[in-house]
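Read through the structure below, which is laid out as C-alpha cells, and then see the notes.
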Amino acid sequence: QVQLLESGGGLVQAGGSLRLSCAASGSIFSINAMGWYRQAPGKQRELVASITSGGSTNYANYADSVKGRFTISRDNAKNTVYLQMNSLKPEDTAVYYCNARRFRTMSPPADYWGQGTQVTVSS
C-alpha cells in the first residue's frame, strides 16, 4: 500500500502562485509514476501533470491547459512530488489530488490517491 499526504492548497488571486506538495509513504519502491489530477465542481477528474523516472532522468507530462504555467518535480530523497503553479487563473479552481501509479504486468495499473487539497483562484 502507498499513502499520500498533500499540502499547499489555498486561496489566491488570479496571476498568483501556489506550490502543492505530496509526500508518499508505505510501499514507495513499487511506485512507477506520480502525478496531479484535479476535479472542478460538475466536471470529471482530469490529469494536470505527471512525472516518471527513467534511470537518472525524469519525464514530465502536462495538460495543454497548464503547459508553461505549472511545473511538476520530485525529490526522491524526501519521497515527495511538487506542483508549482504560476499565473493561476480562475479556471484552475478545483480540488487537486495527488496520484501514485504502479504498473502491473497483464493487469491495469494500481492507482493510489491522496485526500485532495482545494485550490481556489479568485478573479
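The values are calculated or read from the model by the stated rules, or taken from the named source; none is laboratory data. Everything numeric here is computed off the predicted structure, so don't read it as measured data. We place every Cβ from the backbone using ideal geometry, glycine too, and count neighbours over all the protein chains shown. The protein model used for the area step is the full one, side chains on, heavy atoms only, and it has no ligands, DNA or RNA in it. Shrake-Rupley method; radii C 1.70, N 1.55, O 1.52, S 1.80 Å.
Observations, loosely collected:
- For the chain, the fraction of 1.4 Å probe accessible surface lying on carbon and sulfur atoms is 48 percent.
- In the range 76-123, the trypsin sites (Lys or Arg not before Pro) that fall in loop regions by DSSP, at most 15 other Cβ within 10 Å: Lys78
- Listed residues Thr93, Tyr82, Thr105: farthest to the positive end of the dipole of the range 69-116 (Cβ charges): Thr105
- Share of alpha-carbon pairs per 5 Å distance bin for the range 23-123, given as whole %: 2, 12, 23, 24, 19, 11, 6, 2, 0, 0
- Mean projected area (nm²) of the alpha-carbon convex hull when the range 22-63 is viewed from all directions: 3.9
- Choice from Ser27, Ser65, Ser56 with maximal GNM fluctuation in the chain (Cα, 10 Å cutoff): Ser56
- Test item: Cα-centred dipole of the chain, Lys/Arg +1 and Asp/Glu -1 on Cβ, debye: 140
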